[in-house]
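Derivation of every value follows stated rules applied to the coordinates shown; laboratory data play no part. Only a predicted model underlies this, so the values are computations on that prediction, with no experimental measurement involved. Positions of Cβ are generated from backbone atoms using ideal geometry, with glycine treated the same way; all protein chains shown enter the neighbour counts.
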Amino acid sequence: MSKVFKRVVGLACAGVMGWLLSACSPVRMLNGLTPTRSFEKTSDIAYGSDPRQTLDVYRSKDPAPGAPVVVFFYGGSWNSGSRADYLFVGEALASRGITTVIADYRLYPQVRYPEFLVDGAQAVGWTYRHVAEYGGNPQRLYVMGHSAGAYNAAMLALDPQWLQAVGMSPDNLRGWIGLAGPYDFLPIKDEAVRPVFFYPDSPPESQPINHVSRGAPPALLMAAETDTLVNPTRNTGGLASALREAGVPVDEFYFSRTSHVTLVAALSRPLRWLAPVLDHVSGFVNH
């Protein structure tokens, strides 16, 4: 089979899966195909007083001592999403021995920027203080996110004020992982996102790329080559270049068979053939 034919077949399959994942209840389909016997899950842990300030913890049923820890933030344009939709992410990371925290956070219109970053920092603070109770090592702590969640992870890793508010600093992070994140998106084109960031008066300090510094934690950045929602060249490529110029270690990968949505879906068992997203995350966290 020629390389060209393989690529055409791969793109066709990715297109079909993208259509399926844009149909009714896509995450229900993925979660329904996710095995549940490989991990232990502790649900509905409050890290704040608001009903949205709640998280779940996933861990391997056979954890190694002092397991690495990832706090994962989902996307949804800061106006939608639920941690219950990301069981497949918890299972994927737990299957590689990573204790995983998946946190809800307040969304628009309940809040605007920067309140969801306040929530993210509080979730990380809870994790740092309590994850040892679940077999995780707080000295091996990472933040990770997809799309808007990758933005949240980036801001927590790059702008010290958010973690400082919970008695921490980016120095407490061993690194951070961004999947298809918007890191440099002013002026805002997406009408659904504009009110979240006070368009047209969106503050420049809301952009992760404006907080790059030499002391930032190492980064793993991944994107789909043909992402039509978040420009991968400007956002992933631009941030990776800025980090390197500041002397920050960064790994950068682009995949041809994924879209903006299927990039995170590639963590699920049925779709891991799309891209080695889980392998890269596991290698970064377990090195």
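Of note:
- Helices meeting the span-like rule in the chain (full DSSP H runs, Cα extent of at least 27 Å along the helix axis, mean Kyte-Doolittle score of -0.5 or higher): 3-22.
- Local charge for ASN286 was computed over the other residues whose Cβ lies under 10 Å away, with Lys and Arg +1 and Asp and Glu -1, and equals +2.
- Sites ALA84 and ARG269 - FRET efficiency at Förster radius 22 Å, r taken between beta-carbons, to 0.05: 0.75
- Rg/Rh ratio calculated on Cα atoms of region 31-92 (Kirkwood radius): 0.98
- Summed residue charge, Cβ within 14 Å of ALA94's Cβ, Lys/Arg positive, Asp/Glu negative: +2
- Rh by Kirkwood over Cα pairs, then Stokes-Einstein D for the chain at 1.567 mPa s and 4 °C, µm²/s: 69
- Charge tally around LEU221: other residues with Cβ under 14 Å, Lys/Arg +1 each, Asp/Glu -1 each, net -3.
- FRET efficiency for GLU191 and SER256, using Cβ-Cβ distance with R0 set to 25 Å, rounded to 0.05: 0.25
- Most mobile listed residue (SER49, SER82, SER213) in the chain, GNM with C-alpha springs under 10 Å: SER49
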